[in-house]
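Presented below is the structure to which this report refers.
Every number here is computed from the coordinates shown, using simple stated rules; none is lab data. A quick note: this is a predicted structure, and the numbers were derived from the prediction, not measured. Cβ: placed from backbone, ideal geometry, glycine included. Neighbour counts: every protein chain shown.
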Amino acid sequence: MAAESLALSGEPGRTAASRRRAVKAAATAVAEYLGNTVAVATSSYIDPRVVDLYESGVTIEQAAAGSYRTPEKRRSALEAAVREMLTP
């Protein structure tokens, strides 16, 4: 969820402040979805590699922007894209 939010962020990400806003928005989205605080979402549910990769310009934008026939196919494609992104 965080990877998708970062990939589709309206923030341009050209500055450190812009990237921080995008990361905060992604963490807030995850926290709201899980019914937790941003601190819990960040420390327990968001893989720090997703944020590190976003800050270096790597996202799952292609998968996140795609159109899918069903929500299940979308979820599966996003999960595969995240796994691929995190695999060295």
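Okay, here's what the table says:
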quantity: Of all residues making up region 27-44, the number that are free of Cβ contacts under 8 Å to residues at least 24 places away in the same chain, assigned to a helix (DSSP H, G or I) and surrounded by fewer than 18 Cβ atoms within 10 Å (Cβ to Cβ); calculated: 8
quantity: Count of region 1-26 residues which are without any contact (Cβ under 8 Å) to a residue 24 or more places away in the chain, surrounded by fewer than 17 Cβ atoms within 10 Å (Cβ to Cβ) and not charged (D, E, K, R); calculated: 7
quantity: Region 45-88: number of residues that are among the small types (Gly, Ala, Ser), without any contact (Cβ under 8 Å) to a residue 24 or more places away in the chain and farther than 15 Å from ARG20 by Cα; calculated: 5
